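Data block below; observations after.
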Amino acid sequence: MQHASSSPLTGGIMTTYSHRITYDRAALCAALGISERVFDNARKKLEAEGFPKRLPGLARWSRAAIDAWVAANGDTETMRSILVGPEPQTPSGSAHTNYLLAKYSEAS
């Protein structure tokens, strides 16, 4: 059974699902092991250095983004890789590339 709480953004219904995938300020600070006062004082500097910002229109942060930030030790490229995956690599000198180059050379 899902419980609901009031939210002006969702017409009055916000399921517990959103609470499982997001942190409110108190839960975020508890997860980071710091007080809310310390977080409030450090927030702008943290965000300037790549700490995930609040979700637009909500007073909540994405758990996935926060967990990735912690796992990446604050490195934004590593964080992106954790969340999205590595950048696709373009093979250089592969058999397929050589084939295409040979075909292109024949056509000109």
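The values are calculated or read from the model by the stated rules, or taken from the named source; none is laboratory data. Nothing here was measured: the structure is a model prediction, and the numbers come from that model. For neighbour counting, all protein chains shown are included, and Cβ atoms are generated from backbone atoms with ideal geometry for every residue, glycine included.
The table below lists the values:
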{"read-out": "Selected residue [of a type in the set (Asp, Glu), modelled with pLDDT of 85 or more and in contact with a helix residue (DSSP H, G or I) (Cβ under 7 Å, 6 or more places away or on another chain)] from Glu77, Glu49, Glu36", "value": "Glu36"}
{"read-out": "Enumeration of residues in the stretch 28-53 that are among the aliphatic types (A, V, I, L, M), loosely packed, with under 15 Cβ neighbours inside 10 Å, out of contact with any strand residue (DSSP E or B) (no Cβ under 9 Å at 6 or more places or on another chain) and outside any loop (DSSP other than H, G, I, E, B)", "value": "Val38, Ala42, Ala48"}
{"read-out": "Failed criterion for Pro56 (all others in (1) surrounded by 12 or more Cβ atoms within 10 Å (Cβ to Cβ); (2) outside any helix (DSSP H, G or I) hold)", "value": "(1)"}
{"read-out": "Inter-residue pairs, beta-carbon under 7 Å, first touching a residue at least 24 places away in the same chain (Cβ under 8 Å) and closer than 20 Å to Ala27 by Cα and in the stretch 59-86, second part of a strand (DSSP E or B) and among the β-branched types (Val, Ile, Thr), 6+ apart", "value": "Arg60/Thr22; Trp61/Thr22; Ser62/Thr22; Arg63/Thr22"}
